[in-house]
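What follows is calculated from the coordinates using simple rules that are stated; it is not laboratory data. Owing to the predicted nature of the structure, the values given are computational and were not obtained by experimental measurement. Positions of Cβ are backbone-derived with ideal geometry, glycine not excepted, and every protein chain shown enters the neighbour counts.
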Amino acid sequence: MEKTMEKPYTVGIDIGGTNTVFGVVDARANILSHDSIKTKDYPDIHTYVNTLAERLMVLIDAAGGIDTIKGVGVGAPNGNYYTGQIEQAPNLPWKGIVPLAQLLKDRLGVPVVLTNDANAAALGEMTYGVARGMKDFIMITLGTGVGSGVVVNGQLVYGHDGFAGELGHVIVRPGGRLCGCGRHGCLETYCSATGIVRTVHEVLSSSDEPSLLRNIAPEKVTSKDIYDAAEQGDKLALEIFRFTGTILGEAFANFIAFSSPEAIVLFGGLAKAGHYIIDPICEAMEANVMPIYKGKTRLLVSELKDSDAAVLGASALGWEA
Ligand SMILES: [Zn+2]
């Protein structure tokens, strides 16, 4: 409660390849105000930081000024908690190493803490979401890529270099699909949004079965489209969910052996496909997990609103500042 007496708010910033979303948040997870800018419009990092700081100050001033802000938390792809740098993020406009936390701190004059986006999501779930009160869980974000945040004994695992927990790049099919990381068969190549598009391609072209998915350009198919088709009893849609869920479940059985989590928390579009995806995940997980772990790890779906989750997750980091 001390934090609320000192400074009542934090700022959460989520940097994505398309948008940067930010907001002022109180200790009860109310987002007082939020705004966004298009990340892609700022190839120059200094212009980006200037614009972000200006737009942020409008929100901060409305909340009562910079003295009400305990800290700023930032979630970004390849964000390094130790260095405050974004390092070699393939989907952001800035190449190499960007000292983002320092640049923002210089502009705002308050502490800035940075981590990768999936770690921020894990903190958001632990602070405000379905993982409240849990000390051991794994967050899996199913989006453009597959990200993860591993919480052990109440703390995020960062590893010696700040990059621990890239479970999306665990190889689940040796020699399988080519991944953006340059290797083959990563979980991400099957279970990210783009991975599912690849599966749709494969399933549709290897069968003559009629499917509602044939009415959509294959590269545009989303998990929502597959869900809608599954709701109509579409056989191939169900097959796609089963294929994807089985790979996820097999991978989770291995993750469980690493940290024995109380729960695996899923976030992202695919996680909204309900029992179509959850059932095959659970089946494959229970079929492959070591006997001592059987039936012990819950599979949970985030209940935070998409639009809020990223800002809340990053803002949770702001209290640490
Ligand atoms: Zn990979």
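Below are the figures for this structure:
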quantity: Antiparallel bridge percentage (DSSP; both residues within the chain; nearest 5); calculated: 60
quantity: GNM top mover of Pro280, Pro99, Pro210 - the chain, alpha-carbon springs below 10 Å; calculated: Pro210
quantity: Peptides 191-201, 138-148, 286-296 ordered by average Cβ neighbours within 10 Å, highest first; calculated: 138-148, 191-201, 286-296
quantity: Chain lengthening between Lys95 and Leu238 when straightened (0.36 nm per residue, less Cα-Cα); calculated: 47.5 nm
quantity: Shape category assigned to region 90-196 from the gyration tensor of Cα positions, a/c cut at 1.5; calculated: oblate
quantity: Gain upon complete extension [Glu6, Ser205; 0.36 nm per residue less C-alpha separation]; calculated: 65.6 nm
quantity: Estimated distance in nm for a label pair at Asp35 and Asn215, the labels positioned 7 Å out from Cα along Cα-to-Cβ; calculated: 4.2
quantity: Peptide ranges 182-190, 155-163 listed from the most packed, as the mean C-beta count within 10 angstrom indicates; calculated: 182-190, 155-163
quantity: Prolate/oblate/rounded label for region 18-170 (Cα gyration tensor, a/c 1.5); calculated: oblate
quantity: Calculated FRET efficiency for the pair Arg183/Glu286, C-beta based, R₀ 30 Å, to 0.05; calculated: 0.60
quantity: Calculated [θ] (222 nm, deg cm²/dmol) that DSSP helices of n ≥ 4 give over the chain, each run adding -39,500 (n - 2.57); calculated: -12000 deg cm²/dmol
quantity: Listed pairs Lys7/Lys272; Lys38/Lys135; Lys220/Lys296; Lys70/Lys135; Lys95/Lys272 exceeding 28 Å between Cα atoms; calculated: Lys7/Lys272; Lys38/Lys135; Lys220/Lys296; Lys95/Lys272
quantity: Cα gyration tensor, region 193-321 - rounded (a/c under 1.5), prolate or oblate; calculated: oblate
quantity: Alpha-carbon centroids, region 278-315 and region 1-71: separation in whole Å; calculated: 29
quantity: Over region 163-321, relative contact order from alpha-carbon pairs under 8 Å, at least 6 apart, %; calculated: 18
quantity: Inter-label distance for His160 and Lys305, nm, one decimal - labels placed 7 Å from Cα along Cα-to-Cβ; calculated: 4.4
quantity: Relative contact order for the chain, counting Cα pairs under 8 Å that sit 6 or more residues apart, in percent; calculated: 21
quantity: Of all DSSP beta bridges in region 6-114, antiparallel share, percent nearest 5; calculated: 65
quantity: Fluctuation leader among Glu219, Glu166, Glu87 - the chain, Gaussian network, Cα springs under 10 angstrom; calculated: Glu219
quantity: Gaussian network model of the chain, Cα within-10 Å springs - most flexible of Leu266, Leu212, Leu100; calculated: Leu212
quantity: Additional length obtainable on full extension of the chain from Lys294 to Asp279, 0.36 nm per residue less Cα span; calculated: 3.8 nm
